[in-house]
Amino acid sequence: MNIGMTLTKFLLEEQRRSPDSTGNFTALFSDLVVAAKIISREVNRAGLIDILGTTGNVNVQGEEVQKLDEFANETLIRTMEHGGHLSGMASEEMDEIIKIDGKYPKGKYLLLFDPLDGSSNIDVNVSVGTIFSILRCENGCDLSLDDFLKPGVEQVAAGYILYGSSTMLVYTTGNGVHGFTLDPSVGEFLLSHENIRIPEKGKIYSINEGNSRHWFPGTGLYVEKLKANEKGYTARYVGSLVSDFHRNLLKGGIYLYPSDRKSQKGKLRLLYEANPLSFIVEQAGGRSSNGEHRILDIVPQELHQRTPLIIGSRHDVEEAESFWKLQEA
Ligand code: P6P
C-alpha cells in the first residue's frame, strides 16, 4: 500500500488522468472532506457533549447543543455553499432543494446527501454515516427540482463517510471504488482500501427480521432459503445502512430493505441513499435493484422518493431477485 497517499493527492492523480478536467471536481471534493472531518470530530465526542450538554440547550463552551444530524446538515451546507463548485444541493433534512445564495459563485455540480444516516444510533454509540451523490448541472443552470430528478446512472461521483471504530471515506467517480481512513493525528484521509471489489457471493445477509410479519411471500421464502443453506449464511443487521453496506462491500453479502405491507415503497431514499450506494456497489462488481429493476435506471419522480433496496454481492442479489416474482401481496 502506498504509505502517505492522501485523498487529496489521490484525487489530483485521478484529475491528471482525465484530460478535460478543470480541477473544479477536485476542489469540490476537498471541501466535502473538510465537512467530513468536522462532522467526524463532533460525532466522536457526541457522548461527551451529551453528558456536558444535559444542563440544557447550552454546553460548557456556550454553544447551542444541536442534534447531530442537524449539525451535520448545517456543516455540509455551510462548508459547501461558498466554494463556487455547486449550482445547488439537496438534503434528507430539507424538504426543498437548496439554491446557492446569489452572493456566492455557482458551479456545474449538484450535491445530494443524507447528512447523518442512522443518527438515532448515536445515543448507543453505534456507527453512523454520511452518504453523498454528485450530479452535473451546467454552470449556473437556472436551478429547478428537475435538475435533481436524474437516474442514478447520471451520477458523476458517489460515496459515504462511515463514523465507526475509525472514520472512513469510500467513493467512486466511475473508476473503481477506493477507501480512505482518517488519521486524526495528521488530520488526513489516507488510502487504505484501493480498488475495493465485493466478493461475487457472500455469506452474510442483512434484513430487519422484525418486519417479517409484513413481508410479501417472496421475501420470506428467500430468507428461509438462506437459513436452510448448508454453507450457513450469517445474519448481521446493525440498523445503520452505511455500516451494514460497508461490511458487506468488504466481506461479501446482501442487504435488503424490501417493500412490504407496511412500507409499500420501501423505506430508504432513492436519490441520496440507494443511488450513491448502488453506484459504488456496481463499480465494485456487485449489483443493486429494487427487486425488479436496476436501481440506477430508476427515473425519480420526487426528491425524497423511497425505494425498495436489495444490494450487495452480484450472485446473492440475482438469487433474491428470482424470488421477487413471488411477491404477490
Ligand atoms: P429499520 C436508519 O434509520 C435507516 O435509514 C438505515 O440506516 C437503516 O439501515 C434502516 O433505516 C433501519 O431501518 O426499520 O430496520 O429500523
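The values are calculated or read from the model by the stated rules, or taken from the named source; none is laboratory data. Treat the numbers as computed from the prediction; the structure is a model and nothing was measured. A quick note on method: Cβ atoms are made from the backbone with ideal geometry, for glycine too, and the neighbour counts reach across all protein chains shown. Quick note on the areas: whole protein, heavy atoms, side chains included, nothing else; ligands and nucleic acids left out. Shrake-Rupley method; radii C 1.70, N 1.55, O 1.52, S 1.80 Å.
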Please verify whether the range 240-250 includes one or more residues that are touching a strand residue (DSSP E or B) at 6+ places or on another chain (Cβ under 8 Å), open to solvent by 40 Å² or more (accessible area, probe 1.4 Å) and more than 10 Å from the ligand (Cβ to nearest atom). yes
Counting only residues that are open to solvent by less than 10 Å² (accessible area, probe 1.4 Å) and over 13 Å from Gln155 (Cβ atoms), which one in the range 287-302 is nearest to the chain's Cα centre (by Cα)? Ser289
Based on what the data block shows, is Asn175 open to solvent by 10 Å² or more (accessible area, probe 1.4 Å) and at positive phi? no
Selected residue [of a type in the set (A, V, I, L, M, F, W, C), away from the ligand (no atom under 16 Å from the Cβ) and closer than 21 Å to Glu96 by Cα] from Phe113, Phe148: Phe148
Just to check your reading of the model, which residue among Leu86, Leu145 is outside the structural domain of Ile295 (by TED's automatic domain parsing), open to solvent by less than 10 Å² (accessible area, probe 1.4 Å) and within 20 Å of Asn275 (Cβ to Cβ)? Leu86
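Residue by residue, here is whether (1) outside the structural domain of Phe29 (by TED's automatic domain parsing); (2) over 28 Å from Lys265 (Cβ atoms) holds:
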{"site": "Thr173", "(1), (2)": "no, yes"}
{"site": "Gly176", "(1), (2)": "no, yes"}
{"site": "Pro199", "(1), (2)": "yes, yes"}
{"site": "Asn211", "(1), (2)": "yes, no"}
{"site": "Trp215", "(1), (2)": "yes, no"}
Going through the range 219-239 one residue at a time, which ones are among the hydrophobic types (A, V, I, L, M, F, W, C), touching a residue at least 40 places away in the same chain (Cβ under 8 Å) and within 16 Å of the ligand (Cβ to nearest atom)? Val238
Only listed residue being within 13 Å of the ligand (Cβ to nearest atom) and crowded, with 23+ Cβ neighbours inside 10 Å, chosen from Leu277, Leu271: Leu277
Quick one: what pairs do we get from the range 287-298, first residue in the same structural domain as Thr219 (by TED's automatic domain parsing), second of a type in the set (Val, Ile, Thr) and open to solvent by 10 Å² or more (accessible area, probe 1.4 Å), C-beta under 8 Å, 6+ apart or different chains? Asn290/Ile298; Leu296/Val153; Asp297/Val153
Could you please find all residues in the range 70-107 being closer than 18 Å to Leu145 by Cβ and either among the basic types (Lys, Arg) or not in a loop (DSSP other than H, G, I, E, B) (or both)? Ile77, Leu86, Ser87, Gly88, Met89, Ala90, Ser91, Ile98, Lys99, Lys106
I'd like the residue in the range 203-218 that is within 13 Å of the ligand (Cβ to nearest atom) and assigned to a loop (DSSP other than H, G, I, E, B) and, out of all such residues, is farthest from the chain's Cα centre (by Cα). Trp215
